[in-house]
């Protein structure tokens, strides 16, 4: 079936270090979205990428969509304790509903 | 996401009992979705609806049922056929195929 894989599952960094999570789909995606879920909370939309090779930035966050539209990454520069949470990618594989990755849980040590 | 409400926040189910989780949105979104999240896991799609009076099975629909009689409402029933219902249930809505806005979720526990 349709699968969206995400690595790593978990990452623990010192505050100020960079962080990257990677997302790979078994099928071509029409778009990819990224969400953040704080502990005990619900997912909150961060960004959507649509075009092949697209790169978008939000302050310290950089999002990329692969040329083949099968992979994506989220990079956080100089992490802060407010970045703590689980980051999910989610792709539309053509059924007009998102398939979510398993998420990467980020812990930031002050 | 402030326009999506889910109730109750916590729900307890006895063995063999059906329970219904409420999801209401006032964002005028056509599409609504139900997800299940187990501890430390990602979101798995249960059912989704892109228009009133129509809905499709997601990846883990067995043991669940839904209805979409109104645009604003998409209740989820966890039936007794769902043998392992303990989880965090999230409802979302959005323009079809676009950004999804999530409600605060319902935690279902089995007694």
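Descriptive notes on the structure:
- Residues in the stretch B:71-86 that are surrounded by 14 or more Cβ atoms within 10 Å (Cβ to Cβ) and out of contact with any strand residue (DSSP E or B) (no Cβ under 8 Å at 6 or more places or on another chain): B:71, B:80.
- A residue that is farther than 28 Å from residue B:40 by Cβ and touching a residue at least 24 places away in the same chain (Cβ under 8 Å) can be found somewhere in the stretch A:49-68.
- Residues satisfying the stated conditions in the stretch A:26-41, i.e. at pLDDT 95 or above and more than 12 Å from the chain's Cα centre (by Cα): A:38
- Checked against the criterion of being in contact with a strand residue (DSSP E or B) (Cβ under 7 Å, 6 or more places away or on another chain), surrounded by fewer than 18 Cβ atoms within 10 Å (Cβ to Cβ) and under 17 Å from residue B:92 (Cβ atoms), the stretch A:82-96 contains one or more residues that satisfy it.
- Candidates B:95, B:85: the one that is in contact (Cβ under 8 Å) with a residue 60 or more places away in the chain and under 14 Å from the mean Cα position of the chain (by Cα) is B:85.
- Looking across the stretch B:5-30 at every residue that is free of Cβ contacts under 8 Å to residues at least 60 places away in the same chain and farther than 22 Å from residue B:81 by Cα, the one that is surrounded by the most Cβ atoms within 10 Å (Cβ to Cβ) is identified as B:24.
- Where residue B:33 falls short, out of the listed (1) over 12 Å from the mean Cα position of the chain (by Cα); (2) under 18 Å from residue A:42 (Cα atoms); (3) surrounded by 14 or more Cβ atoms within 10 Å (Cβ to Cβ): (1)
- Spans of strands (runs of 3 or more DSSP E) in the stretch A:1-80 with at least 3 residues surrounded by fewer than 13 Cβ atoms within 10 Å (Cβ to Cβ): A:10-14, A:55-58
- If you filter the stretch A:54-110 down to residues that are within 11 Å of another protein chain (Cβ to nearest Cβ) and on the phi > 0 side of the Ramachandran plot, you find that the one that is nearest to the chain's Cα centre (by Cα) is A:103.
- Only listed residue being farther than 25 Å from residue A:91 by Cα and modelled with pLDDT under 95, chosen from B:22, B:80: B:80
The values are calculated or read from the model by the stated rules, or taken from the named source; none is laboratory data. Since the structure is predicted, the reported quantities are computational estimates derived from the model, not experimental observations. All Cβ positions, glycine included, derive from the backbone under ideal geometry; neighbour counts span all protein chains shown.
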